[in-house]
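**Student:** Starting off with a structure, shown below.
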Amino acid sequence: MARNLRLDRDEVDILACEGGPEGVLVVVEVRSASGRSFGSPLESVDRRKVWRLYRATMMLRREGHPALSPSLLRGRAWRVDLLTMRRGQDGWTVEHHLRGLAPP
């Protein structure tokens, strides 16, 4: 539905819809790594980052965004996910898709 939505000090990497037009709105944080020297992309998401994702989600639900129709956001279930990707010889692959991150 949208990517790189700026919300005050936070950003939503991807806003997606799962389950059709009336489905769940999913705020997706995407983390990636091209090598192993800095650890796993999964390790880079700490409690503070999850808190910021929920803060952005609440702001999006409450105030909307100029790039999105208000009717698109109203009256729907929401979820926050984490997607980690790794670049290999054959290009980018999804390493983990964690659905429904719990708020800190």
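The values are calculated or read from the model by the stated rules, or taken from the named source; none is laboratory data. Keep in mind the model is a prediction, meaning the values are calculated, not measured. Note: ideal-geometry Cβ built from the backbone for every residue, glycine included; neighbour counts use all protein chains shown.
**Student:** Please go through the range 70-87 and pick out each residue that is small (Gly, Ala, Ser) and loosely packed, with under 11 Cβ neighbours inside 10 Å.
**Tutor:** Listed by number, the residues that qualify are 71, 75.
**Student:** Can you tell me which residue within the range 14-39, out of those that are more than 17 Å from residue 73 (Cβ to Cβ) and modelled with pLDDT of 90 or more, is surrounded by the most Cβ atoms within 10 Å (Cβ to Cβ)? First the steps, then the outcome.
**Tutor:** Keep residues of the range 14-39 that are more than 17 Å from residue 73 (Cβ to Cβ), which gives 29-39.
Checking the rest, the ones that are also modelled with pLDDT of 90 or more come to 29-30.
Details: 29: 23, 30: 14.
Out of the qualifying residues, it is 29.
**Student:** Still on this model: Got a number for residues in the range 68-94 being farther than 17 Å from residue 14 by Cα, among the acidic types (Asp, Glu) and touching a residue at least 12 places away in the same chain (Cβ under 8 Å)?
**Tutor:** 0
**Student:** Something else now. Out of everything in the range 49-71 that is touching a Pro at 6+ places or on another chain (Cβ under 8 Å) and either outside any loop (DSSP other than H, G, I, E, B) or within 16 Å of residue 84 (Cα to Cα) (or both), what residue ends up being modelled with the lowest pLDDT? Show your work before the answer.
**Tutor:** First pass over the range 49-71, keeping only residues touching a Pro at 6+ places or on another chain (Cβ under 8 Å): 50-51, 54, 64.
Remaining after also requiring either outside any loop (DSSP other than H, G, I, E, B) or within 16 Å of residue 84 (Cα to Cα) (or both): 50-51, 54.
On the way: 50: 89, 51: 92, 54: 93.
The extreme case among them is 50.
**Student:** Restricting attention to the range 71-104, and to residues there that are polar (S, T, N, Q) and more than 11 Å from residue 33 (Cα to Cα), which single residue is nearest to the chain's Cα centre (by Cα)?
**Tutor:** The initial filter retains those residues of the range 71-104 that are polar (S, T, N, Q), namely 71, 84, 89, 93.
Then drop every residue that is not more than 11 Å from residue 33 (Cα to Cα), which leaves 71, 89.
Values: 71: 20, 89: 26 Å.
Per the stated criteria, the residue is 71.
**Student:** Pick out the one residue from 67, 102 that is surrounded by 11 or more Cβ atoms within 10 Å (Cβ to Cβ) and of a type in the set (Gly, Ala, Ser). Explain how you work it out, then say what you get.
**Tutor:** Details: 102 fails: surrounded by 11 or more Cβ atoms within 10 Å (Cβ to Cβ).
Matching residue, one of 67, 102: 67.
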